[in-house]
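A short write-up of the structure that comes next.
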Amino acid sequence: MTMQRRYRRGDTGPAVAEIRSKLVLLGLLPAGAHAVVGSGDASGQGGYADAVFDDSVDLAVRHFQQQRAMTVDGIVGPETYRHLDEARWRLGDRMLSYSIGHPTVGDDVATLQQRLLDMGFDCGRVDGILGQATERALREFQRNYGLGADGTCGPATFRALDRLARTVVGGQPHAMRESELLHRSGPSLAGKTVVIDPGHGGADQGVVAHGLSEAEVVWDLARRLEGRLSALGVQAYLTRGLDSDGVGEEDRAAFANATDADLVISLHADRNASPRASGVSSYYYGSGSDRYGRRSPTGEHFASLVQRELVARTGLVDGRTHGKAWTLLRRTRMPAVRIELGYLTNTDDAARLADSEFRDHAAESIVVALQRLYLPPDEDVPTGMLRLPVFT
Ligand SMILES: [Zn+2]
């Protein structure tokens, strides 16, 4: 049913009965209310045709409009009716799938989006519209949980979502806020704020091997990154100076929070007892033990972009991305990623890290990943392909 005209206090008829029943369904109007014209038998079929848009309906409509951030006028026109219609859908009421040109809209779609975000599948913002990003996230969810990745939300997917929803605790507001912030801030890097955290420093030199010190290597890398970001209009802050002593992870996180940065990039190099261990790994906030635990979906996404670009552009071995509850990752309010760029205890990695051209490529990779993070999904480019302004 589409509503052409506008209904208000005093109106009667079948359309008003329809409006009343929707409001009852949403719990905004008591179910038992008769409110029919005249004193006739309210239980009779004729009662519906005589439904009245009375004061209680007016109040319920205003309440509903306020809830949905619409103009509050107590009048049910096409827009309010559409919202009433969307609001009645509960996840599981109907099959959901992406349809080009006629996206499915409703509160069940919003619930689906929230659940996907809860679990770290980035479907963009929660808007109740089943668009491309939601479909992509749905397919990814299905793939991850061994369901047919058909992008259609049917009984098997509803069951999986229902089962998993109970295991996801507390992640939702965080996930939603992060995703909202990411998309609200737009694709341009100019005007963004990034905290660059060169690990260690001062008396703490981190890994020292093959004539290199981790603190110095990551300091130099941080400066190269800072230069590139500044040239793109990004406000970049470093968590320490060249020689600052004893800056703990807590302090670094507090510093990042104080700057209200969009993102934190922490730079380290790794060590291992085995000289054969080599490669780059990226870490984001995620509770390692519980697959459905809290996590930073944007942090995870950025980590995967950084990791892919670094591997493609530097040739380092792919040590993959990992969720960790490390202090800096956990205590920062914004998404944070820690990069362990090669093993100083490995001869090949150390030789690379000593090379200034390699450091330029590494800095470039991180900037490219940052740019990709803010591009709308349909404008993203394959790994290794994005070209930024040249800095020489
Ligand atoms: Zn380190």
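A short reminder: the numbers here are calculations on the coordinates, not readings from a lab. As the structure is a prediction and not an experimental result, all values here were calculated from the model. So basically every Cβ, Gly included, is an ideal-geometry build from the backbone, and we count neighbours across all protein chains shown.
Across segment 241-278, the residues whose backbone nitrogen lies under 18 Å from the label position 7 Å along the beta-carbon direction of Ala203 are 241-252.
Residue exposure proxy: Ser213, Ser281, ordered by other Cβ atoms within 10 angstrom of their Cβ from fewest to most, comes out as Ser213, Ser281.
Would you please classify the overall shape of segment 236-392 from the alpha carbon gyration tensor, given that a ≥ b ≥ c denote the square roots of the eigenvalues, rounded means a/c under 1.5, and beyond that prolate means a/b larger than b/c while oblate covers the rest? Note, shape of segment 236-392 comes out rounded.
Please identify every one of the trypsin sites (Lys or Arg not before Pro) in segment 304-392 that sits in a loop by DSSP and has no more than 11 other beta carbons within 10 Å of its own beta carbon. Let's see the in-between values first.
Numbers: sites: Arg308, Arg313, Arg320, Lys324, Arg330, Arg331, Arg333, Arg338, Arg352, Arg359, Arg372, Arg387; in loops: Arg333, Arg387.
In loop regions of segment 304-392 (DSSP not H, G, I, E or B), the sparsely surrounded trypsin sites (Lys or Arg not before Pro) are Arg387.
Quick check: from the Cα gyration tensor, does segment 318-364 come out rounded (a/c under 1.5), prolate or oblate? Prolate, because a/c is 1.5 or more and a/b exceeds b/c. Taking square-rooted eigenvalues a ≥ b ≥ c of the alpha carbon gyration tensor, is segment 190-252 rounded, prolate or oblate, where a/c under 1.5 means rounded and, failing that, a/b exceeding b/c means prolate? The shape class here is oblate.
Expected output is a single nm value to one decimal: the length gained when fully extending between Asp243 and Arg82, i.e. 0.36 nm times separation in residues minus the C-alpha distance. What is it? Write down the numbers at each step before the final one.
Details: separation 161, 0.36 × 161 = 57.96 nm, distance 6.18 nm.
So the chain would gain 51.8 nm between Asp243 and Arg82.
Once the chain from His102 to Ser230 is taken as fully extended at 0.36 nm per residue, the excess over their C-alpha distance is 41.8 nm. Full extension of the chain between Leu59 and Met385 gives 111.7 nm of extra length, using 0.36 nm per residue less the Cα-Cα distance.
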